[in-house]
Amino acid sequence: MKYCKRLFIIFNLLLLTAFQLQAESPEVKAFLNSLEYDPVKSSKKIEEFLASRTLNEEDQLTILYTQGEYQAALGFLAKYEAIAQEGYERSKKLKDFKLITKFRISLASAFAQMSRWPEAKSLYDETLRSLKDSDYQELYGYANMNYGLSCYYNNELKSGLTYLTTAYNIFAETESTYLPAILQNIGLIYDATGDQIKAIQYFKKALSHMDEEKYPLAASPTYYNIGYTSIKINKLEEGEYYLNKSLEIAKKFNAVDGIAFALSQLGQLELKKKEYAVARGYVEETYKLSLELGNKRLENLSLFQLLEIYIKQKDFDKARETLKKLDWFLKHGDKQSQIGLLKLKAEMHMEQEQFKDAAEDAKKVFELFDLIYNENSRQEVHEVQNEFENQVEEQKRQLLEQKNELQALKISEQKKQNFIYLLGTAALSVIVIFLIIFIFREIKVRRKIAKMAMTDELTKVSNRRHITQKATEEFNRFKRYNAPCLYCILDLDFFKKINDSFGHDIGDYVLIKFAKAVTSVIREVDYFGRIGGEEWLLILPQASIEEAAQIYTKIVNQCLEIDVPDDCPKVTFSMGISILQPYDETAEDAIKRADTALYEAKRKGRNCYVVLS
């Protein structure tokens, strides 16, 4: 389990703030150096300082930038975005390249954490282009570092590792104080890909570059990361040592998130050691803190742990009470979560000698394993599609050779006696039947692979490649016959918040249900596909704006029917619509216009649509 993202951002941003800011005024420089490592106290000091001073514009923006980073550290992303937006506009008027760049990076960072990833990527790309060949290589490294961390938050791990590696190469030569944050982020990516050994190496490398005396709170998530990763690979003593160090620091600074997560992993460690009473104390305290924090992911993790502990202690009343709280997972959770719950239920029934119920739970587990096996088999077919064209050519060659051999066999059989001729004819019939079966089998496999190559694996709608191909086809039809057509970009509102708060299994469930909601109301002539993350493309041939509005309303009504957990926001979406125009040179022109309309819908408050002709 990864450290809570918001808490990790606190330490990351505080490091960046402390190391990045510069001011012309000695008074402002002295004030910035006096700021404490506590974001609450520092934010209050900044407000008091601004209220009691008259500063020039550059110093005001420097202070504003610092205030924004502390708001992000406290988790107030809306305030962070507002400050970044204000600073970006004011610094452009000042024409200060360095301040413009810093605020643009802050704005991108805010968007990346607010389910506005396409906007964030656009700002990051613009920033990297402006810095790549400039004299501001430190800023270039800083931008790569932020871009890498944002990629990690948005599950683009490969890209994240690329940007973080670039940042590391820039700062490694100067032993920059950015290195601990970069190394921790690289470690998190390795852990997410299953390489725990390398992850721990990077976490420890981060500690070696960290000034723990000056920034003690920054070491807490690093100790935690080493601790929980060590438990994953059964290095329990090492895990316990680092988790207790993390907990000690978190308690000293009253970092509630840090306390909760450290207690959770200490409970998991005691569970592995079969010290159930100790584990229960840790995890029950974690559960209380998760409710206080409103952290749904931590709450669910604690419930899973408590269920196992109660069963081990034969406290079946508590176990049944906990099962009720986890009932949603049995109906809608990912298959691995369902298997884990069913195995615990079976264990509980066995302990109570309720063998019939235990057998029923075991049967459901085997059914889920069978589903997972079939999905893995489909995945194997999916991997084969990369070599699809070569295989098809090889099959054609083999079939041609077989047909040539068959023809030679026919000629040879005609010269033999009637008995041999009859035998040959019979053998030939078998071969022909075999070839027919072989050809049909290959055609079936080919069609299956071709279909998979056009389908999004999770939602079963068209994937990016197929839907953009359809967009091009409709664009060409428009150019030839002037047939009207609308392109619509749809984006789920606050999807990242759902993922962060309730886990990727709930996020995947919402994506699947949303895809079904759309496909259930669009016309037969329409095309719909997923182009990435929570973003979709809907093509409406021969449709008017009024018809698009009707379809939008129908989708909204379908989304209201999607069953989500308690405390989870209802599923809503924003939509940008573009009308194909004679001046469009490619389908991409109209798609970009729809994307611009989508951003306008988001700016207006989401859960609406905007049309750009």
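In the complete set of protein chains, residue-level accessible area for PHE494 is approximately 90 Å², probe 1.4 angstrom. Judged by the gyration tensor of its Cα atoms, with axes a ≥ b ≥ c, region 100-212 is oblate; a/c meets the 1.5 cut and b/c is at least as large as a/b.
To the nearest 10, the accessible area of HIS349 is 20 Å² with a 1.4 Å probe.
So, counting K/R as plus one and D/E as minus one, what does the shell of residues with Cβ under 13 Å around LYS570 add up to? Residues close to LYS570 contribute a combined charge of -2.
When peptides 102-114, 124-136, 508-520, 45-57 are sorted by average Cβ neighbour count within 10 Å, with the highest value leading, the order is 102-114, 508-520, 124-136, 45-57.
Can you tally the net charge around MET350? Count Lys and Arg as +1, Asp and Glu as -1, for every other residue whose Cβ sits under 13 Å from the Cβ of MET350. Taking every other residue near MET350 into account, the sum is -1.
Solvent-accessible area per residue in region 453-550 equals 43 Å², computed with a 1.4 angstrom probe and all protein chains kept.
Note on surface exposure: VAL28, VAL556 rank VAL556, VAL28 by accessible area, highest first, 1.4 Å probe. Judged by the mean number of other Cβ atoms found within 10 Å, the most tightly packed of the peptides 216-222, 155-161 leads the ranking 216-222, 155-161. The peptide list 236-247, 454-465, put in order of mean Cβ contacts within 10 Å with the highest first, becomes 236-247, 454-465. Charged neighbours of LEU540, selected by a Cβ distance under 15 Å, balance to -1 (K, R count +1; D, E count -1). When a 1.4 Å probe is rolled over the protein heavy atoms, the share of accessible surface on region 448-583 that falls to carbon and sulfur comes to 51 percent.
The overall shape of region 181-280 is oblate: from the C-alpha gyration tensor, with semi-axes ordered a ≥ b ≥ c, the ratio a/c is 1.5 or greater and a/b is no larger than b/c. What a 1.4 Å probe finds exposed on region 215-308 is 49% carbon and sulfur by accessible area, rounded to a whole percent.
If the chain linking ILE562 and LYS479 were pulled fully straight, counting 0.36 nm for each residue of separation and taking away their Cα-Cα distance, it would gain 26.0 nm. Accessible surface area normalised per residue over region 200-304 is 44 Å², counting heavy atoms of protein chains with a 1.4 Å rolling probe. If R₀ is 22 angstrom, what is the calculated FRET efficiency for the pair GLU89 and ASP135, using the beta carbon separation as r and rounding to 0.05? About 0.35, to the nearest 0.05. Among the protein heavy atoms of region 87-200, carbon and sulfur supply 49% of the accessible surface, probe 1.4 Å, non-protein parts ignored.
The values are calculated or read from the model by the stated rules, or taken from the named source; none is laboratory data. Because the structure is predicted, anything quoted here is derived from the model rather than measured. Quick reminder, even Gly has a Cβ in these numbers, built from the backbone with ideal geometry, and neighbours come from all protein chains shown. Side chains included, ligands, DNA and RNA excluded: accessible areas come from the protein's heavy atoms. Shrake-Rupley method; radii C 1.70, N 1.55, O 1.52, S 1.80 Å.
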